[in-house]
Amino acid sequence: MKMNLDRRSFLKASLVSVAAVAAASAAAAKETFAPLTAEAAEIIAPIRETAEFPYQVDPKYQRLPAEKLAYLRMFDPEENKGPIKFHFDDVSKITGKKDTGKDLPLLNAESLGIKGRPATLSETGAIFFSHHDGSVLPLREKEMGWRALDMALVVASWSVEYHYNGFTAPGSGPGGVIAHYPFNPMTNETGTEPVFLAGMYSWDNTKARERREQGRQWKFESVEEASRIVKKAARFLGADMAGIAPYDDRWTFSTWCRPNLKPFKLPNGRTEYFLTDPFKLMKGEVEVYGSTSVEADWEKYAGFTPKSVIAMTFEMDYEAYRTAPSVLQGAAPGKSYSNMGEVAYKVASFLREIGYNAVPSGNDTGMSVPIAVQAGLGEAGRSGQLITQKYGPRVRIAKVYTDLELVPDKPINIGAREFCRLCLKCADVCPAQAISHVKDPWVLQPEDCTPSENPYTEKWQFDSQRCLSFFAYNGGDCGSCIAVCSWNKIDAWQHDVARIATQIPLVQDAARKFDEWFGYNGPVNPEERIESGYIANMVKDFWKDTEPTK
């Protein structure tokens, strides 16, 4: 019988063999099979565009008030009246594995000298932020990855976000506020009373109005040209990826919220403003001052109604993430958050200079992940984070809202969400067990959600209060879910193997194993990850290698 195999059929028939051989030798696979694997992935699991938002949103969906965000709820005095509550008290009943997060509120309370009850959310937040800004060293300060040296790099990485962007990372806004001390250039003296200023995420559109009044608003030949130029500008000015989403009111917070501060006179004579009473905190007591919320009103606060949103992603350092959950990992998001403010400010300045209103935004104003999904930058994964084709979830997102009409990019399917159904690595590695182990995402109902999670959208359940409890106990960020993610790679060809695996019944169950065969990302068991010495070795490698891995 004559065999008649065309190229497409041959590739389909060869896929399992290619994957097996690739797994046998990662180095050989990269050199020999990467081109074949990439072409096969385009045939079996091509990257597809979709016309509409790709995840189901129930008609009951309502916009989330910003004061419900977990980081902002920390500053609500009501949250300090009762112990923190997890959605599931003990997830071992669901997973069949040890619940490594259920005792975190008790451990956090003990760190404040409180015994007999779990910590409140406000107490949890106070512990976290006192570590995060370097005021207090982590409990594990003697261990590699948690030392004062490691913490110094974290604080330095976040310094621009704190001191110049206005620290919108918790979701506070609109825009960021910074407090700087006035300087007398004639005497070189610095004042002791701070002055409040808008940070990099400034909503000041004075320049755009001036350019229009001068008749200098740039007229593009077409919306296609405008879109191409804006994305080029965003990439040139520092974004690693840039896409355009239509303005969608669903993703704007229904209120904008900022924590209240109080002034305290310090021993050095300076007045500083704090979110909690620093003197009470030293005694193990937590006092917070609430927050101020306003109805989200673009015309009132920005002077325009957005038509388009420029979504930008910023790669986070691969080597730092290999050290997760050490606090050294926190230097990676800190550096990206600091860069985000600078680049978003530059992009907004570019638009204002040619006569268009713009609002640069970090985590404030609206939900970044659905906007980035609409902008065609990636998919929403099991952990709730954006997964991109090139960097996986190892990105942070900034956006610039504008009244310039642009052509929206289309949402894409890169196979990541399908892979998330089969993988579960992020759920298994999470020290707090905050990520759902349920196979498929579903349209969350109110009973599925903590106060900080918005129901009526299709996603996996996530317990932000568990996540934050580990952040506080750990002495900084965690990042384990990103570190072990099968899409967290330097070279992207392995993503093609994963895309193929999810589409072939014979190897679907081995989709996660491909990553482990290649030896990526370290132990998945959260306790083994630290106790095996893996983290200590990654920290040593980080400080030893002066050339970043690309």
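The values are calculated or read from the model by the stated rules, or taken from the named source; none is laboratory data. It should be emphasised that the depicted structure is a prediction, and the values quoted were computed from it without experimental measurement. Cβ: placed from backbone, ideal geometry, glycine included. Neighbour counts: every protein chain shown. These accessible areas exclude ligands, DNA and RNA; they are computed on the full protein's heavy atoms, side chains included. Shrake-Rupley method; radii C 1.70, N 1.55, O 1.52, S 1.80 Å.
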### Summary
Checked 500, 482, 490, 504 against criteria (surrounded by 18 or more Cβ atoms within 10 Å (Cβ to Cβ) and modelled with pLDDT under 90); the one match is 500
### Query
Can you spot a residue in region 452-469 that is over 24 Å from residue 523 (Cα atoms), in contact with a Pro (Cβ under 7 Å, 6 or more places away or on another chain) and open to solvent by less than 20 Å² (accessible area, probe 1.4 Å)?
no
#### Entry: Search result, residues across region 132-156 that are among the small types (Gly, Ala, Ser) and either within 22 Å of residue 544 (Cβ to Cβ) or buried (at least 18 other Cβ atoms within 10 Å of the Cβ) (or both)
145, 148, 152, 156
### Query
In region 24-74, how many residues are assigned to a loop (DSSP other than H, G, I, E, B), open to solvent by 40 Å² or more (accessible area, probe 1.4 Å) and at pLDDT below 90?
5
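Quick grid of which residues meet (1) surrounded by 16 or more Cβ atoms within 10 Å (Cβ to Cβ); (2) among the hydrophobic types (A, V, I, L, M, F, W, C); (3) in contact with a helix residue (DSSP H, G or I) (Cβ under 8 Å, 6 or more places away or on another chain):
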{"site": "188", "(1), (2), (3)": "no, no, no"}
{"site": "191", "(1), (2), (3)": "no, no, no"}
{"site": "194", "(1), (2), (3)": "yes, no, no"}
{"site": "201", "(1), (2), (3)": "yes, no, yes"}
## Note on the structure
When every residue in region 75-102 that is out of contact with any strand residue (DSSP E or B) (no Cβ under 9 Å at 6 or more places or on another chain) and assigned to a helix (DSSP H, G or I) is compared, the one most open to solvent (accessible area, probe 1.4 Å) is 93
### Task
Would you check if residue 223 is open to solvent by 30 Å² or more (accessible area, probe 1.4 Å), modelled with pLDDT of 95 or more, β-branched (Val, Ile, Thr) and out of contact with any Lys or Arg (no Cβ under 6 Å at 6 or more places or on another chain)?
yes
### Message
of a type in the set (Gly, Ala, Ser), farther than 12 Å from residue 334 by Cβ and without any contact (Cβ under 8 Å) to a residue 40 or more places away in the chain: is that true of residue 191 in this structure?
### Response
yes
### Query
For region 263-270, does any single residue satisfy the condition of being open to solvent by less than 70 Å² (accessible area, probe 1.4 Å), out of contact with any Cys (no Cβ under 9 Å at 6 or more places or on another chain) and polar (S, T, N, Q)?
no
### Query
Quick one: which strands (runs of 3 or more DSSP E) sit completely within region 209-316 and have at least 2 residues that are free of Cβ contacts under 8 Å to residues at least 60 places away in the same chain?
262-265, 291-295
### Query
Of (1) open to solvent by less than 30 Å² (accessible area, probe 1.4 Å); (2) out of contact with any His (no Cβ under 8 Å at 6 or more places or on another chain); (3) under 20 Å from residue 108 (Cβ atoms), residue 473 satisfies all except one. Which?
(1)
## Note on the structure
Within region 470-487, the residues that are of a type in the set (Gly, Ala, Ser) and touching a Cys at 6+ places or on another chain (Cβ under 7 Å) are 480, 486
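Can you give me the number of residues within region 158-176 that are open to solvent by 20 Å² or more (accessible area, probe 1.4 Å) and at pLDDT 95 or above?
Residues of region 158-176 open to solvent by 20 Å² or more (accessible area, probe 1.4 Å): 159-160, 162-164, 167, 174.
This time we only want the ones that are at pLDDT 95 or above, so: 159-160, 162-164.
Number satisfying all stated conditions: 5.
Scan region 441-451 and tell me whether some residue there is part of a helix (DSSP H, G or I), closer than 30 Å to residue 517 by Cβ and at pLDDT 95 or above.
Of the residues in region 441-451, the ones part of a helix (DSSP H, G or I) are 446-448.
Adding the requirement that they be closer than 30 Å to residue 517 by Cβ leaves none.
No, region 441-451 contains no residue that is part of a helix (DSSP H, G or I), closer than 30 Å to residue 517 by Cβ and at pLDDT 95 or above.
Keeping to region 317-356, report how many residues are part of a loop (DSSP other than H, G, I, E, B) and either open to solvent by less than 10 Å² (accessible area, probe 1.4 Å) or closer than 18 Å to residue 535 by Cα (or both).
Looking only at region 317-356, we keep the residues that are part of a loop (DSSP other than H, G, I, E, B), and these are 317, 322-326, 354-356.
Subset that is either open to solvent by less than 10 Å² (accessible area, probe 1.4 Å) or closer than 18 Å to residue 535 by Cα (or both): 317, 322-326, 355.
Of the residues in that region, 7 qualify.
From 429, 395, 369, grab the single residue that is under 19 Å from the mean Cα position of the chain (by Cα), closer than 30 Å to residue 153 by Cα, among the β-branched types (Val, Ile, Thr) and open to solvent by 30 Å² or more (accessible area, probe 1.4 Å). Break it down into steps so the answer makes sense when it comes.
On the way: 429 fails: open to solvent by 30 Å² or more (accessible area, probe 1.4 Å); 395 fails: open to solvent by 30 Å² or more (accessible area, probe 1.4 Å).
Every option except 369 fails the conditions.
Quick one: is residue 284 open to solvent by less than 50 Å² (accessible area, probe 1.4 Å) and either more than 15 Å from residue 129 (Cα to Cα) or in contact with a Phe, Trp or Tyr (Cβ under 6 Å, 6 or more places away or on another chain) (or both)? Before you say what the answer is, go through the steps one by one.
Details: open to solvent by less than 50 Å² (accessible area, probe 1.4 Å): yes; either more than 15 Å from residue 129 (Cα to Cα) or in contact with a Phe, Trp or Tyr (Cβ under 6 Å, 6 or more places away or on another chain) (or both): no.
Criteria not met by residue 284.
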### Query
Which one of 292, 276 is surrounded by fewer than 17 Cβ atoms within 10 Å (Cβ to Cβ) and closer than 20 Å to residue 72 by Cβ?
292
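Residues are listed down the side, and each one gets a yes or a no for (1) farther than 14 Å from residue 384 by Cα; (2) touching a residue at least 60 places away in the same chain (Cβ under 8 Å); (3) among the acidic types (Asp, Glu):
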{"position": "425", "(1), (2), (3)": "no, yes, no"}
{"position": "435", "(1), (2), (3)": "no, no, no"}
{"position": "454", "(1), (2), (3)": "no, yes, no"}
{"position": "458", "(1), (2), (3)": "no, yes, yes"}
{"position": "465", "(1), (2), (3)": "yes, yes, no"}
{"position": "481", "(1), (2), (3)": "no, yes, no"}
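Being touching a helix residue (DSSP H, G or I) at 6+ places or on another chain (Cβ under 6 Å), within 25 Å of residue 474 (Cα to Cα) and part of a helix (DSSP H, G or I): is that true of residue 155 here? First the steps, then the outcome.
Working: touching a helix residue (DSSP H, G or I) at 6+ places or on another chain (Cβ under 6 Å): no; within 25 Å of residue 474 (Cα to Cα): yes; part of a helix (DSSP H, G or I): yes.
The answer is no for residue 155.
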### Members of region 158-188 found to be in contact (Cβ under 8 Å) with a residue 60 or more places away in the chain and either part of a loop (DSSP other than H, G, I, E, B) or touching a Cys at 6+ places or on another chain (Cβ under 8 Å) (or both), listed by number
166, 168, 169, 170, 171, 172, 173, 174, 175, 176, 181
### Query
What number goes with the only condition from (1) over 26 Å from residue 151 (Cα atoms); (2) modelled with pLDDT of 95 or more; (3) surrounded by fewer than 24 Cβ atoms within 10 Å (Cβ to Cβ) that residue 378 does not pass?
(3)
